[in-house]
2 protein chains.
Amino acid sequence: MSIDNLIEKIREKQNPSVIGLDPRPDYIPPYILRKHIEHKGETLQALADAYFEFNCGLIDVLSEIVPAVKPQSAFFEYLGPPGVEAYAKTLSYAKDSGLYVIADVKRNDIGSTAEAYSEAYLGNVKIGSIEKRAFDSDSITVNAYLGSDGIRPFLEVCKRDDRSIFVLVKTSNKSAGEIQDLTAGKEKVSILVGKLIEELAADTTGAYGYTRIGAVVGATYPEELREMRKKLKKTFFLVPGYGAQGGTAKDAAGAFDDRGIGAIINSSRAVICAWMKTGRNGEDFREAAADEALKMKDEMTRHLSV
Amino acid sequence: MSIDNLIEKIREKQNPSVIGLDPRPDYIPPYILRKHIEHKGETLQALADAYFEFNCGLIDVLSEIVPAVKPQSAFFEYLGPPGVEAYAKTLSYAKDSGLYVIADVKRNDIGSTAEAYSEAYLGNVKIGSIEKRAFDSDSITVNAYLGSDGIRPFLEVCKRDDRSIFVLVKTSNKSAGEIQDLTAGKEKVSILVGKLIEELAADTTGAYGYTRIGAVVGATYPEELREMRKKLKKTFFLVPGYGAQGGTAKDAAGAFDDRGIGAIINSSRAVICAWMKTGRNGEDFREAAADEALKMKDEMTRHLSV
């Protein structure tokens with residue numbers, strides 16, 4: 001699905017937020033972890049099975065509240081091949097639940113290597129007479145340090161198969177500026193990356209005025225977020241840094257256009273670890289996540305008109 | 001293993017080259033592909049099994065000739081979870097064959113996410129009382145667009161577990177310069193990234209004067225390669241772009257220091273696809289790869305004293 005579909009899902013749910021599925025062993029309710037370790041021992045497979053059960057529970061409740069989820073590949077790769085299988089199953093489960101699925105993989109490469117990543121996450125794998133999906137996502141995150149050679153192969157598959165990507169423009173971390181804030185000519189590197197992607201995707205502008213290449217722009221730099229919104233009028237923003245990383249709904253508001261669209265705000269830990277605050281040992285992890293996701297929706301909508 | 005171990009392996013083999021294991025369906029000798037498709041049908045698993053058999057054959061002969069291999073994750077992710085399992089098995093098989101193993105994954109992230117990648121590829125995964133390796137590599141490639149927050153978590157694991165990473169500084173592709181050649185102050189972004197990693201790793205300088213953070217610098221920009229060698233005296237170089245991408249042994253020579261060390265040159269397609277030129281339908285893929293690897297060794301050593 002494209003950015004247009006994402007915008008429509010945001011409107012349906014009246015909620016411009018995306019939940020990051022970032023499991024870690026200590027984020028899994030103890031009863032789930034115990035069950036799988038009893039069944040398969042202290043193995044990578046047991047943890048991977050626990051991650052998948054946790055994700056399915058979260059997706060079941062979140063698919064009623066949010067338009068999208070963003071599973072973070074690193075936490076699944078941490079468990080080796082069984083973890084990657086749980087990642088693939090999570091992407092498919094989220095997609096089957098009607099969510100827009102952003103695989104947060106931050107892949108980057110050139111030529112046939114970038115093509116392989118594109119087909120793996122956004123396109124199809126051809127085997128003899130058969131075509132299959134390797135990883136079932138609508139969109140992935142991409143790092144653009146390699147320039148347009150590292151973006152075009154992804155964009156081609158997006159156009160062919162109606163998908164989108166989000167390119168890292170200004171990240172939410174403290175040292176983001178070391179490279180992204182360097183000034184070349186009159187502009188910062190981050191702005192130049194933003195202009196590069198807006199230009200590359202110019203012929204993919206959809207029904208709401210946004211192209212197939214979105215930008216990752218952190219909520220932790222609110223002034224820059226507003227500046228980016230002005231300079232990159234056709235680029236949809238994926239905004240990390242809300243909640244646990246310190247960004248507020250007011251900070252994130254600058255990511256939206258005058259119509260109240262053009263961005264989606266990510267929260268992870270606050271939602272998926274909400275069970276840790278209720279004193280029920282994780283047995284209520286679904287309800288706790290749903291409550292927190294609704295709280296975030298309220299905070300976001302109070303600062304916006306969606 | 002660290003950069004010191006890599007340098008020692010280069011000296012043992014008298015060969016500063018690394019072979020990229022970049023399989024694609026059409027790179028696999030037809031008799032291998034046929035066998036696995038007959039056994040498991042037109043499935044991702046059949047292709048993954050074929051990739052692994054091809055890699056093992058290559059590793060068996062190459063481990064006598066080269067010090068290192070660099071398996072490219074994208075081509076395995078292309079096959080979904082079964083491909084990632086073949087990737088993990090390939091890394092382990094190469095390591096068990098005594099090779100220095102560089103997982104070309106170009107990962108990048110911050111905080112606990114970067115830690116997850118670090119432990120997955122360079123460290124250990126903890127499950128209850130047990131520690132396991134998820135992916136068995138000595139080194140990985142890393143994209144540094146996120147700044148030092150995106151490098152430190154990897155460096156910490158390198159120090160703890162005696163590993164190394166290679167950070168993308170100047171890539172070998174045509175559009176590399178769009179971001180990497182932007183001039184900020186008096187220096188190009190690529191040089192500033194190089195200086196950043198040399199500074200971050202300053203306290204990890206090993207027996208040969210090189211730190212635990214190497215740099216990826218393409219052979220396709222020979223003048224810059226020489227300039228980088230002068231400016232980054234403590235940074236070991238991984239040099240792509242030789243052979244199929246147009247870089248020659250003479251171009252790559254600028255990556256080495258006065259002692260003839262300090263770099264390793266990558267070749268992929270020319271070696272792993274050498275069987276396509278012998279007219280024997282791939283039955284001689286091992287011998288053809290060995291011949292081509294020896295030819296590259298000769299070309300490299302003619303331009304260097306190793």
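Values in this text are rule-based calculations from the coordinates and carry no lab data. Note that the structure is a prediction, hence the values are computed from the model and not measured. FYI the Cβ positions are ideal-geometry reconstructions off the backbone, even for glycines, and counts take in every protein chain you see.
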Exercise. What Rg and what Dmax come out for the protein assembly as shown when only alpha-carbon atoms are used, in angstroms?
Worked result: 23.5, 70
Problem set entry | Whichever aspartates and glutamates have a C-alpha closer than 20 Å to that of A:Lys277, once near sequence neighbours (fewer than 8 apart) are set aside | A:Asp22, A:Asp26, A:Glu287, A:Asp291, A:Glu292, A:Asp298, A:Glu299
Exercise. What average count of beta carbons from other chains do you get within 10 Å of the Cβ of residues in B:179-187?
Worked result: 5
Problem set entry | Label 7 Å beyond Cα on the Cβ vector: B:Lys233 copy-to-copy distances, nm | 5.3
Exercise. Under 15 Å from the Cα of A:Lys132, which aspartates and glutamates turn up, not counting those fewer than eight places away in the same chain?
Worked result: A:Glu119, A:Asp161, B:Glu42, B:Glu77
For this session: Could you please report the charge total around A:Gly254, scoring K, R as +1 and D, E as -1 over all other residues with beta-carbon less than 11 angstrom from its beta-carbon?
Result: -1
Exercise. About its Cα centre, how strong a charge dipole does the range A:120-257 have in debye, to the nearest 20, once Lys and Arg get +1 and Asp and Glu get -1 at the Cβ?
Worked result: 120
Exercise. What does the average come to when, for each residue of peptide A:83-93, you count the partner chain Cβ atoms lying within 10 Å of its Cβ?
Worked result: 3
Exercise. Measuring from a point 7 Å out along Cα→Cβ, what nm distances, shortest first, does A:Lys277 have to its partners in the other copies?
Worked result: 6.4
Exercise. Projected onto the charge dipole of the range A:161-227 (+1 at Lys/Arg Cβ, -1 at Asp/Glu Cβ, origin at the Cα centre), which of A:Leu196, A:Leu168, A:Ala207 gives the Cα projection farthest towards the positive end?
Worked result: A:Leu168
For this session: Would you mind working out the magnitude of the charge dipole of the range A:3-302 relative to its Cα centre, with +1 at each Lys and Arg C-beta and -1 at each Asp and Glu C-beta, to the nearest 20 Debye?
Result: 540
For this session: Pop the C-beta distance of B:Lys250 and B:Lys295 into the FRET formula with R0 = 22 Å and round what comes out to the nearest 0.05.
Result: 0.90
Exercise. Taking other Cβ within 10 Å of each residue's Cβ, how do B:Met276, B:Met300, B:Met1 sort, fewest first?
Worked result: B:Met276, B:Met1, B:Met300
Problem set entry | 222 nm mean residue ellipticity, helices alone, for chain A (DSSP H n ≥ 4; -39,500 (n - 2.57); rounded to 500) | -13500 deg cm²/dmol
Exercise. Considering the range B:243-306, what Rg and Dmax in Å follow from its alpha-carbon atoms?
Worked result: 13.4, 43
Problem set entry | Estimated FRET transfer efficiency when R0 is 51 angstrom, pair A:Thr278-B:Arg302 (beta carbons, to 0.05) | 0.15
Seminar exercise, completed: Relative contact order in percent for chain A (Cα pairs under 8 Å, 6+ apart) equals 20
Exercise. Among B:Tyr208, A:Tyr78, which comes first, second and so on when ranked by fewest other beta-carbon atoms within 10 Å?
Worked result: B:Tyr208, A:Tyr78
For this session: Using only Cα atoms, find the angle between the long axis of helix B:3-13 and the longest principal axis of chain B, and express it within 0 to 90 degrees, rounded to the nearest 10.
Result: 50
Exercise. If we hang a label 7 Å off Cα along the beta carbon direction at B:Gly260, how far is it from the matching labels on the other copies, in nm, shortest first?
Worked result: 7.2
For this session: Net charge near A:Asp291: determine it from the other residues with C-beta under 12 Å of the C-beta of A:Asp291, scoring Lys and Arg +1 and Asp and Glu -1.
Result: 0
Exercise. In the neighborhood of B:Cys273, defined by Cβ-to-Cβ distances under 11 Å, what is the net charge if each Lys or Arg adds +1 and each Asp or Glu adds -1?
Worked result: 0
Exercise. Sorted from fewest to most neighbouring beta carbons within 10 Å, what does the list B:Thr43, B:Thr90, B:Thr205 look like?
Worked result: B:Thr205, B:Thr43, B:Thr90
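Computed FRET efficiency, Cβ-Cβ of B:Glu8 and B:Glu223, R0 30 Å: what is it to the nearest 0.05?
For B:Glu8 and B:Glu223, the calculated efficiency is 0.50.
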Problem set entry | Most mobile listed residue (B:Pro222, B:Pro67, B:Pro30) in chain B, GNM with C-alpha springs under 10 Å | B:Pro30
Problem set entry | Degrees between helix B:30-40 axis and first principal axis of chain B (Cα, 0 to 90, nearest 10) | 70
Exercise. Picking from B:Ala219, B:Leu6, B:Thr113, whose Cα lies most toward the positive end of the charge dipole for chain B (charges on Cβ: Lys, Arg +1; Asp, Glu -1)?
Worked result: B:Ala219
For this session: Treating the angle as unsigned and between 0 and 90°, give the value, to the nearest 10°, between the Cα long axis of helix A:80-96 and the longest Cα principal axis of chain A.
Result: 70
For this session: Distance between Cα centroids, the range B:251-306 to the range A:1-74: provide it in whole Å.
Result: 45
For this session: Starting from the Cα gyration tensor of the range B:81-192, multiply each eigenvalue by 5, take the square root, and state the resulting semi-axes largest first in whole Å.
Result: 29, 17, 12
For this session: Pick out, from A:Gly177, A:Val157, B:Ile59, the residue whose Cα sits farthest towards the positive end of the charge dipole of the protein assembly as shown, with +1 on the Cβ of Lys and Arg and -1 on the Cβ of Asp and Glu.
Result: A:Gly177
